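The block underneath contains the structure these notes are about, expressed in structure tokens.
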Amino acid sequence: MKVLFIGCGDLALRAIRQLRETPQPGYPEVICHGLRRRVELLPETLLATAGDSRDSAALTALLDAQQFDVLAVTLTPEEMSERGYRDSYVAGARSLARALEQTCCQPRGVIWASSTGVYGQHNGEWVDELAETVPASYRGKCLLEAEEIIAQLPVASVVLRYSGIYGPGRGRLLQQVKAGRIAPSAPVQWSNRIHAEDAAGVMVHILRRWQRGEALLPCYLATDNEPVPLHEVHAWLAARLVPAAAARGADQAGSGAGNRRCANRRLRDSGFVFRYPTFREGYLELLAEGRE
């Protein structure tokens, strides 16, 4: 099976490493190829092409030449603004749709990385893949518009809605706690997250199921097993980093994100097993390794 990773940032590189380290018995090796504007940032051991996901003509030519089985798309906005999200996710989805209509070598399917930001619930409601999507932010609106384009592709597609990804190189929350900024205990602000290795593992899981010819649903929430109040996460970390801040609850700060609880039952029912089922296992390892 040949897979083209479009965007090919941290999430994709983790997935590629996992695919190489854990081959599937009885199946050929997965051949990975990366597409990224700054191809010099990719490992020399990875087959790669320099290019922009928004260039549909170049993408069509690459699909024709390489005949990929699956496309795994992990885009990142150039700037945190409505324009940045629209130029990345929406423009990228439209470019992909044009390329798949024009290519003579359509893949079997597409995996599209999205976000739980497509939900607009803000009162602690539970959400799953069937919950209403009425986002309030420009981020959620652009992500949902891109998802709707992906759903209309001429090939099968799977959308992965990721909650907050944490791990090495993603230390904003830890820096907040070190600065003594702890979310209030009331009103409750629910937090949903997934370790970067599990985030990549979800993509690998979907690719392996595709390789085995197993049935897939069009959408999965990629989040760990325990939505938890943000105050609890902050307090737990503060007790290990800056106990004095935990005791005084200094400079309270919220997450700025939607307030909801994300359910991952569909993902777990598909057979996925988490390395880090809650934030505790993930952050304990990061703290032990000094990689916060």
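Spin-label model, His122 to Leu216: label points 7 Å out along the Cα-to-beta-carbon direction sit 3.4 nm apart. Here the contact order of region 1-142, divided by its residue count and restricted to Cα pairs under 8 Å and six or more residues apart, works out to 24 percent. Placing +1 on the Cβ of every Lys and Arg and -1 on the Cβ of every Asp and Glu, with nothing else charged, gives the chain a dipole about its Cα centre of roughly 340 debye. Using heavy atoms of the protein chains and a probe of 1.4 Å, the accessible area assigned to Glu101 is about 140 Å². Using only the alpha-carbon atoms, how far is helix 56-66 inclined from the longest principal axis of the chain? Give it as 0 to 90 degrees, nearest 10. It is inclined by approximately 70 degrees. Taking the longest Cα principal axis of the chain as reference, the axis of helix 91-102 is set at about 20 degrees. Report summary: the helix-based calculation at 222 nm, which adds -39500 (n - 2.57) for every DSSP H run with n ≥ 4 and divides by the residues of the chain, gives -11000 deg cm²/dmol. Could you work out how far the C-alpha centroid of region 17-66 sits from that of region 122-138, in angstrom? Centre-to-centre (Cα) distance: 33 Å. Label separation (Arg275 vs Ala186): 4.0 nm, computed from points 7 Å beyond Cα along the C-beta direction. Taking the chain as the reference, fit the longest principal axis to its C-alpha atoms, fit the long axis of helix 196-211 to the helix C-alpha atoms, and give the angle between the two in degrees, 0 to 90, nearest 10. Rounded to the nearest ten degrees, it is 30.
Restricting the calculation to Cα atoms, region 36-149 shows an Rg/Rh of 1.02 when the hydrodynamic-style radius is the Kirkwood one.
Positive end of the dipole of the chain (Cβ unit charges, origin at the Cα centre): among Tyr276, Thr45, Leu35, the Cα lying farthest that way belongs to Tyr276.
Quick one: pull the percent of accessible area on region 102-162 belonging to carbon and sulfur, 1.4 Å probe, ligands and nucleic acids left out.
50
Determine the dipole magnitude for region 179-222: charges of +1 sit on the beta-carbon of Lys and Arg, -1 on that of Asp and Glu, nothing else is charged, the reference point is the Cα centre, and the result goes in debye to the nearest 20.
About 20 debye.
Whole number in Å², please: accessible area per residue of region 1-41, 1.4 Å probe, ligands, DNA and RNA not counted. For region 1-41, the per-residue accessible area is 50 Å². Of the residues Thr60, Leu267, Pro218, the one whose Cα sits farthest toward the positive end of the charge dipole of the chain, with +1 on the Cβ of Lys and Arg and -1 on the Cβ of Asp and Glu, is Leu267.
Computed about the Cα centre, the dipole magnitude for region 18-61 is approximately 140 debye when only Lys and Arg (+1) and Asp and Glu (-1) carry charge, each at its Cβ.
Which label belongs to the value computed from this structure, given these candidates for Rg and Dmax of the Cα atoms in Å: [x] 19.4, 64; [y] 21.2, 77; [z] 22.3, 90? Correct label is [x].
Using a probe radius of 1.4 angstrom, the carbon and sulfur fraction of the accessible surface of region 1-79 is 52%.
Surface analysis of region 121-172 yields an accessible area of 50 Å² per residue, using protein heavy atoms and a 1.4 Å probe.
The values are calculated or read from the model by the stated rules, or taken from the named source; none is laboratory data. On a predicted model such as this, the values are computed, not experimentally measured, just so you know. In this analysis, Cβ positions are derived from the backbone assuming ideal geometry, glycine residues included, and neighbour counts consider all displayed protein chains. For the accessible areas, the whole protein counts, side chains as well, though only heavy atoms, and no ligand, DNA or RNA atoms are used. Shrake-Rupley method; radii C 1.70, N 1.55, O 1.52, S 1.80 Å.
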